[in-house]
Structures are given as C-alpha cells and as structure tokens.
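Working notes, beginning with the structure itself.
All of the numbers you see were taken from the coordinates with simple rules; none came from a lab. Keep in mind that what you see is a predicted model, and the values were worked out from it rather than measured. With ideal geometry, Cβ positions are generated from the backbone for all residues, glycine too; neighbour counts draw on all protein chains shown.
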Amino acid sequence: MVGLVIRESKEADVMEIIVQKYGGTSVNTSELRDIIYENLVKVKESGDKPVIVVSAMGRKGDPYATDSLLHLINDRKGYTREMDMLISCGEIISAAVVASHLREKGVKAIALSGGQAGILTDDTFGNSRIIEINPHKVLSLLEDGFIPVITGFQGITAQGDVTTLGRGGSDVSAVAIGAALKARWVEIFTDVDGVMSADPKIVKDAKLINTINYDEVFQLAEYGGKVIHPRAVEYAMNNNLTIKVLNARKYSTGKGTLISGGKVVNDDMITAIAHEHGKIQIKINMNKISDDIFDKIACKDISIDMINIFTDHAVFIINNTSYDNLEHLLLENGIDYHIEDECTKITLIGNKIRGVPGVMASVISSLKGKIEVLQTSDSHMTISLLVKTAVADEAINMLHARFKSIDI
C-alpha cells in the first residue's frame with residue numbers, strides 16, 4: 001500500500017470533526033437528503049463539525065450511478081483518463097445536489113470535488129491510490145462555518161488529471177479525509193444497522209456486531225463483506241482512526257458497529273461469515289505441465305486462490321471474469337483441465353480460530369452431508385469453503401446456525 005502523506009495543520013488540533021460518508025442509496029431522493037440534513041444537525045448540536053462525503057446517486061440502472069455512466073463508453077478494455085473523467089461525474093452530481101439541498105434548508109454547505117478537497121493521487125486510472133491529502137482548504141471552510149460536501153471515489157494527479165479510486169472508493173475517500181482532518185471518527189452510513197454476522201438478505205436472523213477490530217473487519221471486507229472497503233480499513237488502522245458503521249435512518253437510536261484497533265471481548269468462535277459469488281474451480285493435469293505455468297498465469301494478471309498442488313494435478317479457483325484469458329493460456333500451453341463453474345466461496349472469520357483443533361471438522365459436519373464441499377482452505381483467522389452457488393444460501397444459513405450460539 002502506498003503510504004498516505006498528510007500535511008500537518010494546527011487548525012485540525014482545535015476542531016472536533018466528524019466525517020460522515022453516505023452511499024448511493026442514501027442520497028438519491030429528497031427524503032434521503034432530508035435524513036442527511038437531520039443527521040448533520042445532530043452532529044452540530046453536539047458541538048462537533050460535520051464533513052460529508054458522498055457516492056454517486058443510486059445503483060446500476062439509475063441515470064447517474066457509476067455503472068450507468070460506464071455504459072456511455074463502448075470501449076471498456078481498460079480504464080483511461082477519459083473514462084475516469086466520465087465516471088467521476090456521478091459523485092460531482094451527488095455532491096452538488098446534496099449541497100444545494102442543504103443550502104435550501106439554511107445550511108452553509110459547499111460542494112467540493114476530490115481535487116478541490118486536496119486529494120492527490122497517482123495516475124493509475126480506474127484504481128488510483130491516494131498519495132497525499134492537503135486538508136487546509138477544508139479546514140478553512142470549516143472555520144468559516146461551511147459544511148463541506150466532498151465527492152468520494154476520486155482525486156487528482158499532480159498533472160491535474162481526474163482519477164478514480166476503484167470500486168468502493170468512497171469509503172477510502174472518507175477514511176483518508178478523516179485521517180487528514182484528525183477527525184474524532186468516521187461514520188459510514190448504510191441501509192443496514194451496521195456490520196452483521198452474515199448478509200441479512202440471506203440470513204434472516206443475522207446479528208449486529210457491536211464491536212469489531214481492524215483485523216477481523218479487514219478479513220470480512222477482503223472475503224466479500226460489502227459494508228466497507230478493505231483499503232479504507234488499512235487507512236483507519238495506519239492512522240488509529242475509529243470508524244462507526246450506522247444505519248442512516250437510525251442515527252439517534254441505532255447502536256451500529258464500532259471498528260477500532262482495540263481488543264474485542266468475544267466468546268464466539270466465528271465472528272462473521274462472508275461470501276463471494278462468481279468463482280470457477282479449475283483442475284489442471286500436472287503431468288504435462290511446465291514448471292513456470294503459474295508464472296505465466298500471473299503475467300496475464302489472473303489472480304488465483306485456494307490453490308492445492310498434488311503430485312498429478314493442481315486445483316485452484318479464479319473469478320469468472322478471468323476465465324477466457326485463462327482458457328486461452330491453458331490451450332496455448334497444451335494443458336488438460338476441468339472446470340466447475342457457478343461456484344461460491346464462503347469464508348468464516350474469527351480471531352479464535354487460530355490453533356483450535358477440530359474447527360475445520362466442525363465446519364464440515366455442520367453442513368450435515370447435505371452440501372458438497374468442493375474445496376477448503378484456512379488461515380490463522382479464516383476458514384473458506386467452495387460450494388456450488390445453487391446451494392450457497394443454504395450452506396451459509398447452516399453455518400450461521402451452527403456458530404451463532406453466543407451473543408456477539
């Protein structure tokens with residue numbers, strides 16, 4: 001990870017700042033923007049100064065959502081300067097609309113692009129990294145009584161080109177801005193109550209996790225949890241910045257989830273269950289294979305996971321979006337292979353997995369022979385299973401039922 005440089009500012013030391021990040025489904029109607037107004041009023045009443053970071057309005061299909069903007073360009077083989085200019089417009093529209101809505105209610109709000117807010121990035125279009133944040137303009141606006149409404153997901157290069165930070169980049173923007181402003185904490189607003197023990201759309205009795213540490217939430221984000229971007233967790237960890245994940249509609253009444261570096265007292269073996277659809281399992285014959293085949297796969301920018309190598313074969317998984325490139329490579333090298341498509345990787349996450357005998361056996365037995373497990377892998381705080389996507393929801397519910405016996 002590129003180190004984040006933050007220019008020092010004496011003003012940040014005397015202000016109590018709270019950064020609030022709102023996702024696309026929290027900004028795209030007048031009613032939702034009223035909730036933003038109500039929430040920032042509560043922050044001001046507490047004596048703190050709010051800074052707002054927004055994503056593009058809505059989701060795929062909505063006119064200003066990032067995916068909708070992407071489809072205005074036909075050639076999408078790689079991210080370009082022009083494509084970043086295009087998709088950055090979603091957040092600019094959102095910031096302008098939210099700031100205007102707040103001004104109509106008597107709030108001194110001002111919309112800022114990432115570049116105007118002092119976010120300097122490298123020139124990797126489509127997935128840029130933040131190099132430096134100069135917080136002076138935002139701090140000056142706060143001193144003058146303004147509420148900055150900053151575009152998430154974007155910054156600017158030293159040459160003045162607009163860049164975007166990749167999927168989930170508004171989380172990264174919010175936490176990086178929070179670190180630069182020395183905020184008390186960063187609040188990430190979602191349409192659920194916080195970080196849950198599993199996807200509540202799949203597991204109806206998923207539980208709210210009241211507190212979770214950086215390590216566990218990073219693993220959760222890495223393995224498919226959609227609440228917060230893993231790079232945002234990295235920035236928070238490196239700057240010892242607390243994050244709160246909250247339901248935008250329950251700011252006063254909801255507990256949400258507190259993410260910090262502190263040790264979390266938790267009696268559960270498993271803290272949460274994440275999942276990733278769109279996986280393909282590949283089995284290749286190792287008898288007629290060159291020693292550098294995995295180097296060749298890496299050179300094609302194909303990421304492989306859950307790899308097991310045996311005497312006569314190797315098994316691993318890839319994202320389904322990488323299959324065409326991998327198939328071409330395998331055929332080109334005369335390698336026999338077999339695929340199992342439409343798979344889902346399910347990952348159980350918990351700090352107490354480490355060194356406990358029989359955990360994998362317990363995980364497998366919890367599926368009661370009803371779900372075929374195609375492959376497994378584990379680390380000091382994760383256990384992953386590969387199953388067919390058709391039975392993934394059932395498997396997640398069975399695993400959750402087995403490991404949720406004690407309150408989180």
Angle between the chain longest axis and helix 392-403 axis [Cα atoms, degrees, rounded to 10]: 80
Likely footprinting exposure, Phe316, Phe189, Phe153, fewest C-beta neighbours within 10 Å first: Phe316, Phe189, Phe153
Among Ala174, Ala198, Ala158, residue whose mean-square fluctuation peaks in a GNM of the chain (springs only between Cα atoms under 10 Å): Ala158
Approximate spin-label separation Arg167-Ile307, in nm, with each point projected 7 Å along Cα-to-Cβ: 2.2
Bins of 10 Å from zero: percent of alpha-carbon pairs in the range 36-192: 11, 41, 34, 12, 1
Ranked list, fewest to most other Cβ atoms within 10 Å of each Cβ, for Asp191, Asp62, Asp84: Asp191, Asp62, Asp84
Using a Förster distance of 22 Å, the FRET efficiency for Asp67-Ala96 (Cβ separation, nearest 0.05): 0.65
When the range 272-403 is reduced to its Cα atoms, the Kirkwood hydrodynamic radius in Å: 15.8
Charge dipole magnitude, Cβ of K and R +1, D and E -1 - the range 272-403, Cα centre, debye nearest 20: 740
J(HN,Hα) series, the range 339-353, from Karplus relation 6.51 cos²θ - 1.76 cosθ + 1.60, nearest Hz, glycine and proline x: 10, 10, 8, 6, 10, 10, 9, 10, 10, 9, 10, x, 5, 8, 5
Extended-chain gain in nm, criterion 0.36 nm per residue less alpha-carbon gap, Ser140 and Ser30: 36.7 nm
Additional length obtainable on full extension of the chain from Glu16 to Ala361, 0.36 nm per residue less Cα span: 119.3 nm
Virtual spin-label span in nm between Glu342 and Ile131, 7 Å along Cα→Cβ: 4.7
Cut-off 12 Å (backbone N to label point 7 Å along Cα→Cβ of Asp123), residues of the range 148-180: 157-162
Dipole of the chain, positive end: most advanced residue of Asn351, Ala99, Val387 [Cβ charges, Cα centre]: Ala99
Relative frequency of Cα-Cα separations exceeding 17 Å in the range 71-115, percent: 46
Spatially proximal lysines relative to Lys244 (Cα-Cα < 22 Å; intrachain offsets below 8 disregarded): Lys21, Lys42, Lys44, Lys49, Lys182, Lys201, Lys207, Lys226, Lys255, Lys263
Semi-axes of the equivalent ellipsoid for the chain, Cα gyration tensor, largest first, Å: 39, 27, 19
Residues His328 and Asp191, FRET efficiency given R0 of 41 Å [Cβ-Cβ distance, rounded to 0.05]: 0.50
The chain - mean residue ellipticity at 222 nm from DSSP helices (-39,500 (n - 2.57) per run, n ≥ 4, rounded to 500): -9000 deg cm²/dmol
Stretch gain in nm, segment Asn285-Ala298, where the contour uses 0.36 nm per residue and the Cα spacing is subtracted: 2.9 nm
Within straight-line cross-link reach of Lys368, aspartates and glutamates at Cα separation under 14 Å, skipping those fewer than 8 residues along the same chain: Glu394
Set of lysines near Lys300 by C-alpha distance (under 26 Å), chain-local residues within fewer than 8 positions excluded: Lys77, Lys279, Lys283, Lys288, Lys345
